[in-house]
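What follows is a single structure, written as structure tokens, with notes after it.
The values are calculated or read from the model by the stated rules, or taken from the named source; none is laboratory data. All of these numbers come straight from a predicted model, not from anything done at the bench. Positions of Cβ are generated from backbone atoms using ideal geometry, with glycine treated the same way; all protein chains shown enter the neighbour counts.
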Amino acid sequence: MRHRLAPILMLFAAAALAQDDGGELAKIKERELEQVRERISDLKQSMDDSAADRDRLTTELQAAEVSISEKRLRLKDIERQRTYSTRRLGELDASIEEREADLARESEDLSAQVRAAYMSGNQEKIKLLLNQRDPATMGRVMTYYSYLNDFRAGNIATVTGRIRELAGLRSEVAAEEARLADLAKTQRDELTALANAQQQRQDLLVALRDKIATEGREIERLAAQEKDLARLIAELTTILSDYPITSEEPFSEFRGRLTWPVAGTLIRDFGQPRVGGQLKWNGVVLGASRGEEVRAVYHGRIAFADWLAGLGLLVIVDHGEGYMTLYGYNETILKNAGDWVAPGDVIATVGDSGGQAQAGLYFEIRQDTKPLNPRRWVTRRPGE
């Protein structure tokens with residue numbers, strides 16, 4: 001099946017685009033992408049300021065969870081580097097072993113030649129020359145000895161080269177071992193910092209729960225979070241309307257044929273009551289293992305990739321026609337606002353951000369800001 005998405009940029013006339021070359025068009029698109037990111041960043045800053053005025057603890061929770069996410073990403077990068085260094089060390093050790101075997105064999109051959117030359121001395125060559133009566137034979141003997149000397153000289157150069165190679169490889173090994181030691185120390189420091197950030201997050205969650213229990217304002221808090229999300233989606237819709245998406249196979253045609261973003265157990269269902277029934281779930285919550293990959297369900301453009309109260313580290317994908325998919329509670333976000341994604345692209349990893357008690361993924365579908373039941377759209381499990 002062939003999918004193709006083409007952003008139609010309303011700011012430019014078709015005639016101007018037709019006359020433009022590829023390089024200039026790429027620059028225009030990059031400028032527009034930067035404008036989108038700036039407008040989304042301004043929107044996020046405005047929402048953060050509003051949240052800070054309303055709730056200091058939530059703002060501190062945001063800082064703690066973003067810090068945890070950044071540290072987890074750094075730890076993954078360190079682990080990748082350590083894996084590479086370990087593999088490189090193994091390759092260097094194998095090369096050294098091979099070169100040492102070559103050196104031993106070539107040194108033995110050279111030693112045998114040197115011993116033979118020493119035992120025979122120059123007398124054998126002189127005798128052979130004096131015993132020759134045929135000038136042609138004498139010429140061949142001289143050529144033979146010339147080749148023999150060249151061969152010995154070549155062997156000496158080979159052995160010398162092997163020694164230099166081994167010295168270079170051992171120097172590389174020392175450098176790689178030092179790099180591994182530095183990475184191990186950095187990893188230990190990051191793990192300590194991560195543990196401290198996690199403890200800070202836990203303390204903040206306890207303080208938030210105590211505040212909610214004391215003031216009895218859970219419904220008010222959830223309602224404020226829903227209002228923030230509705231505002232965010234409405235503002236994003238306005239911003240992205242200047243850069244609409246068109247597709248030969250629009251999102252609306254794939255109702256009932258999409259694949260879940262993660263394999264998990266349904267914990268919260270669309271429309272299920274929240275906090276005594278005064279509020280309802282606008283999406284679903286899927287229980288999944290921390291760190292599991294979260295994948296985009298369809299083609300689109302990342303409209304938002306940041307932290308939002310109630311949903312934690314949140315990714316919103318714009319699919320065109322007013323459709324958006326939301327992926328919340330993430331541990332890490334792997335895409336940036338403005339990035340294009342295809343079905344199955346990894347955009348985040350499962351977590352418990354937003355103050356959740358357990359790891360999982362919040363998933364929601366909206367059209368023109370209206371929540372839709374995901375289970376009517378998504379029917380296939382990953383891998384099917």
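Under 19 Å from Arg231 (Cα atoms) and aromatic (Phe, Trp, Tyr): does that describe Trp377?
On the way: under 19 Å from Arg231 (Cα atoms): no; aromatic (Phe, Trp, Tyr): yes.
No.
Determine whether Gly277 is in contact with a Gly (Cβ under 6 Å, 6 or more places away or on another chain), of a type outside the set (A, V, I, L, M, F, W, C) and surrounded by fewer than 22 Cβ atoms within 10 Å (Cβ to Cβ). Judged against the criteria, Gly277 is not a match.
Hey, can you tell me all the residues within region 347-366 that are within 19 Å of Asp269 (Cβ to Cβ) and either touching a residue at least 40 places away in the same chain (Cβ under 8 Å) or in the same structural domain as Gln198 (by TED's automatic domain parsing) (or both)? Before you say what the answer is, go through the steps one by one.
Step one: filter region 347-366 for residues within 19 Å of Asp269 (Cβ to Cβ), giving 350, 354, 356-366.
Val350, Gly354, Gln356, Gln358, Ala359, Gly360, Leu361, Tyr362, Phe363, Glu364, Ile365, Arg366, listed by residue number.
Starting from residues that are closer than 12 Å to Ile347 by Cβ and free of Cβ contacts under 8 Å to residues at least 60 places away in the same chain, keep the ones in region 280-299 and report whichever is surrounded by the fewest Cβ atoms within 10 Å (Cβ to Cβ). Residue satisfying both the conditions and the ranking: Glu293. Taking residues in region 254-272 that are assigned to a strand (DSSP E or B), and partners anywhere that are among the hydroxyl-bearing types (Ser, Thr, Tyr), the pairs with Cβ atoms closer than 8 Å and at least 6 places apart or on different chains are Leu258/Tyr298; Leu258/Thr379.
On the stretch given as region 330-384, residues that are outside any strand (DSSP E or B), under 25 Å from the mean Cα position of the chain (by Cα) and more than 14 Å from Gly300 (Cα to Cα) total 12. Looking across Ala263, Ala207, one residue alone is more than 30 Å from the chain's Cα centre (by Cα) and modelled with pLDDT of 75 or more. It is Ala207.
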